[in-house]
Amino acid sequence: MLKKLLCKRHKAFTLIEMSIVLFIISLLILIVLPNLSQQRKSASKVHSNAMVSVVQTQIDAYENENGTDDVDYATLESNNYLTASQVKKARGEHIAIIKGRAIQK
């Protein structure tokens, strides 16, 4: 009976197999993480450009309806061209209104 217990083989991963799997997983992580960071930067840039476009569109609409190019965020918000959250986001993105143009600083 002792001989049967000693001869019985357990199916399991060896240390080398586990090391290879961990090595492959770490390589995949090293490839994926820089791409995620790059995608986040790209998405942030697209969002900033979109906010500049929204602000500029509303500046143009205000100028066309009122015949003046003297406009700021307070004027756009009080005349319902931009919401308070849009103004907050635009200021957070460092978008300034200079001579009727939305410019990101």
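The set of residues in segment 93-105 being under 27 Å from the mean Cα position of the chain (by Cα), open to solvent by 60 Å² or more (accessible area, probe 1.4 Å) and in contact (Cβ under 8 Å) with a residue 24 or more places away in the chain consists of Arg101, Ile103, Gln104.
When Ser48, Ser85 are checked against the criterion of being in contact with an Asp or Glu (Cβ under 6 Å, 6 or more places away or on another chain) and hydroxyl-bearing (Ser, Thr, Tyr), a single residue qualifies: Ser48. The residues of segment 49-92 that are open to solvent by less than 40 Å² (accessible area, probe 1.4 Å) and within 18 Å of the chain's Cα centre (by Cα), listed by number, are Met51, Val52, Ala90. Taking residues in segment 36-56 that are without any contact (Cβ under 8 Å) to a residue 60 or more places away in the chain, and partners anywhere that are among the charged types (D, E, K, R) and outside any helix (DSSP H, G or I), the pairs with Cβ atoms closer than 6 Å and at least 6 places apart or on different chains are Ser48/Glu93; Met51/Glu93.
The values are calculated or read from the model by the stated rules, or taken from the named source; none is laboratory data. Everything quoted here is computed from the prediction, not taken from an experiment. Because the Cβ atoms are built from the backbone with ideal geometry, glycine has one as well, and the counts that use them run over all protein chains shown. Surface accessibility is based on the protein's heavy atoms, side chains included, excluding ligands, DNA and RNA. Shrake-Rupley method; radii C 1.70, N 1.55, O 1.52, S 1.80 Å.
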